[in-house]
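The values are calculated or read from the model by the stated rules, or taken from the named source; none is laboratory data. Quick caveat: nothing in here was measured; it's all calculated off a predicted structure. Virtual Cβ from ideal backbone geometry, glycine too; neighbours counted across all protein chains shown.
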Amino acid sequence: MRYSKMLIPTVKEAPADAEIPSHKLMLRAGLMRKLASGTYTYLPLGWRCLLKVIGIVRDEMNRAGAQEILMPSVQPIELWQQTGRDVDYGKTMATFKDRHDHLNVLAPTAEEVVTSVAAGEIKSYKQLPINLYQISFKFRDEFRPRFGVLRSREFIMKDAYSFHATAECLDKEYWNMYETYKRIFKRCGLDYVIVEAESGEMGGSGSHQFTIPCPSGEDVIVYTEDGSYAANIEKAEVDAPSWHGLGARENTARMAVLPELVHTPNVGSIDAVCAFLKTQPADMIKTLIFSADKDVIVALVRGDHEINPEKLTQTLGGKHNELATPETIEKITGAKVGFAGPVGLAGKVSKLIIDHAVAAMLIGVTGANKTDYHIKNIVPGRDFPLEGDNIVVADIHIAVEGDTHDGKKLLFKHGIEVGQVFKLGTKYSSKIGCNFLDDSGKENPCLMGCYGIGINRIVASAIEAANDENGIIFPISIAPFEVIIVSVNQDDAEVVGAGEKIYNELKSKGIEVLLDDRDERAGVKFKDADLIGIPVRITVGKKALQTGNVEIKLRTEPKPTLIPVDTAIAKTIELVESLKQKLV
């Protein structure tokens with residue numbers, strides 16, 4: 001391609017709302033343009049990058065035995081109501097009524113649709129296993145789209161769904177996809193880490209997440225220094241606090257300290273209570289009340305901890321839950337919001353879930369279930385029960401500095417999720433009626449797996465991971481072009497001719513090459529070449545040609561190298577192949 005014929009609108013400055021390197025550089029390099037909040041038009045360079053990623057994903061999925069299909073982006077709400085995920089997604093799911101007054105969904109994903117397809121086609125165990133995938137646009141009405149394509153409303157996703165007769169078969173395909181993903185991300189030039197993950201709205205029993213470490217990432221990776229454990233923040237399991245107990249005298253003294261009701265007018269938040277009572281958040285017991293269908297759930301965490309919604313959901317057996325309304329809280333506690341406490345609540349709710357850090361507290365402060373009052377000197381196990389039919393002590397807080405896993409200190413770093421694999425089990429098949437007859441003629445629900453990759457996120461992650469003050473540094477496998485020829489001195493026929501000759505010969509050898517034939521100053525061309533991040537640059541200039549040379553430079557190297565014109569083609573091909581080989 002010729003630069004002069006392509007739409008490559010590079011700019012010096014990114015818009016003020018572009019917060020992170022990938023967002024800034026994708027706009028500055030002319031890869032995309034914003035249409036509305038969280039939606040982007042991909043321009044020629046950006047679309048070429050996406051097509052490269054799609055090609056790698058498609059190649060590896062086909063190699064792994066999956067079959068490509070394409071499902072509708074507009075889906076009837078009734079399918080989502082069958083699984084209950086219309087409630088799970090809530091306002092994130094975009095809906096609209098058609099001219100017949102039917103309510104439809106703009107697909108955020110496709111578990112329901114693919115399961116309904118399989119339900120109509122799969123009859124016998126002899127048809128299993130099967131893995132169906134698509135690469136298509138999805139839409140999620142994010143409350144706050146941000147970070148460019150890392151948190152956008154419309155995005156391209158590869159989503160695959162497998163169907164199985166046995167757990168062993170599902171497990172085999174799960175690890176097949178796991179290995180396939182490793183090949184995909186390596187070919188895309190990404191240094192990834194694999195962490196244990198929660199399934200979230202997808203449901204199911206097992207999941208791993210592929211994450212690209214970078215400071216701008218919204219995901220938090222929790223890991224041990226020796227590499228023996230890694231999980232995302234939603235999944236990260238922490239040890240129960242060490243319980244060394246107290247001597248008999250100390251314990252007797254603790255039990256002798258009676259609860260003290262303290263008037264705390266208009267003081268409801270943890271920080272406000274701590275300031276008022278001159279205590280610390282770690283000494284507070286935070287009482288949170290949730291609704292789960294018709295059940296009321298109370299969850300207790302320490303004042304310096306935050307509840308982990310995913311852990312709470314898992315403790316409830318996957319049941320959807322949300323914070324209770326102020327009316328429900330007042331009905332259960334007898335007090336306004338901000339003054340709830342665990343004393344006396346166990347018999348009023350369906351379940352009392354106590355974080356193990358709360359269970360290990362010696363003494364604490366909490367709400368009094370009375371407006372404008374708190375209670376000091378609360379002893380877990382004495383003033384509220386730690387055992388009972390509706391009581392669970394579990395790990396339900398978000399991992400924080402100081403927590404451990406298997407006795408090892410947990411460390412934290414940010415990353416970008418680019419892919420995730422799930423074992424769904426029968427969550428969808430049992431509700432949508434995707435069944436098969438086994439070899440004895442008995443009908444069973446299909447076991448399912450689900451495997452997603454964010455296509456746009458791969459491009460953004462590559463940019464986050466490799467850029468400098470001059471622009472993008474693309475891996476050669478997903479760069480819009482492999483080579484750029486910068487032909488300076490466009491008014492010199494010899495320079496133009498040499499540039500054209502190299503361009504045509506590289507094209508004939510199958511090299512993806514962009515010829516910068518614009519009538520611009522050399523400095524402008526060099527800045528644009530660095531900005532758009534093409535891995536190999538050949539510079540054809542009057543001065544070098546006079547000595548029979550051209551310059552060749554890798555985007556990752558600071559300075560060019562002079563090489564004879566007659567070896568330029570061979571040298572370029574050698575460099576391109578060397579860069580590709582590193583990603584195999």
In the set Ile484, Ile502, the lone residue that is of a type outside the set (Lys, Arg) and not in a helix (DSSP H, G or I) is Ile484
The residue that is farthest from Phe481 (Cα to Cα), considering only those in segment 30-42 that are buried (at least 19 other Cβ atoms within 10 Å of the Cβ) and out of contact with any strand residue (DSSP E or B) (no Cβ under 6 Å at 6 or more places or on another chain), is Gly38
Note on Ala479: of the conditions (1) in contact with a helix residue (DSSP H, G or I) (Cβ under 8 Å, 6 or more places away or on another chain); (2) closer than 27 Å to Lys543 by Cβ; (3) among the small types (Gly, Ala, Ser), unmet is (2)
Scanning segment 90-123 residue by residue, those part of a helix (DSSP H, G or I), touching a residue at least 60 places away in the same chain (Cβ under 8 Å) and more than 22 Å from the chain's Cα centre (by Cα) turn out to be Thr115, Ser116, Ala118, Ala119
Subset of segment 550-568, residues β-branched (Val, Ile, Thr), out of contact with any helix residue (DSSP H, G or I) (no Cβ under 7 Å at 6 or more places or on another chain) and either closer than 15 Å to Ala498 by Cα or outside the structural domain of Ile511 (by TED's automatic domain parsing) (or both), comes to Thr567
Within segment 347-365, the residues that are assigned to a loop (DSSP other than H, G, I, E, B) and either over 21 Å from Asp295 (Cβ atoms) or touching a helix residue (DSSP H, G or I) at 6+ places or on another chain (Cβ under 9 Å) (or both) are Val349, Ala360, Met361, Leu362, Ile363
Scanning segment 366-395 residue by residue, the ones that are hydroxyl-bearing (Ser, Thr, Tyr), part of a strand (DSSP E or B) and surrounded by 18 or more Cβ atoms within 10 Å (Cβ to Cβ) total 1
Subset of segment 333-381, residues over 37 Å from the mean Cα position of the chain (by Cα), over 23 Å from Ala240 (Cβ atoms) and among the β-branched types (Val, Ile, Thr), comes to Thr333, Thr371, Ile375
Of the residues in segment 533-551 that are in a helix (DSSP H, G or I) and free of Cβ contacts under 8 Å to residues at least 40 places away in the same chain, the one that is farthest from the chain's Cα centre (by Cα) is Lys543
### Message
Val540 - would you say it is more than 10 Å from Val488 (Cβ to Cβ) and at pLDDT 95 or above?
### Response
no
Of Gly338, Gly318, the only residue that is buried (at least 16 other Cβ atoms within 10 Å of the Cβ), outside the structural domain of Ala197 (by TED's automatic domain parsing) and in a loop (DSSP other than H, G, I, E, B) is Gly338
Is it the case, given these coordinates, that Phe210 is crowded, with 21+ Cβ neighbours inside 10 Å and of a type in the set (Phe, Trp, Tyr)? yes
Within segment 519-578, residues of a type in the set (Asp, Glu) and loosely packed, with under 11 Cβ neighbours inside 10 Å come out as Asp519, Glu557, Asp566
Of the residues in segment 409-451, those that are touching a residue at least 40 places away in the same chain (Cβ under 8 Å), in a strand (DSSP E or B), touching a Gly at 6+ places or on another chain (Cβ under 9 Å) and closer than 24 Å to Gln127 by Cβ come to Val421, Phe422, Lys423, Leu424, Gly425, Leu447, Met448, Gly449, Cys450, Tyr451
Residue hits (segment 296-315; aliphatic (A, V, I, L, M) and assigned to a strand (DSSP E or B)) are Val296, Ile297, Val298, Ala299, Leu300, Val301, Ile307
Mind checking whether some residue in segment 281-296 is more than 21 Å from Val379 (Cα to Cα), in contact (Cβ under 8 Å) with a residue 24 or more places away in the chain and out of contact with any Lys or Arg (no Cβ under 9 Å at 6 or more places or on another chain)? yes
| Does Thr328 count as under 28 Å from His263 (Cβ atoms), in the same structural domain as Ser269 (by TED's automatic domain parsing) and without any contact (Cβ under 8 Å) to a residue 60 or more places away in the chain? | yes
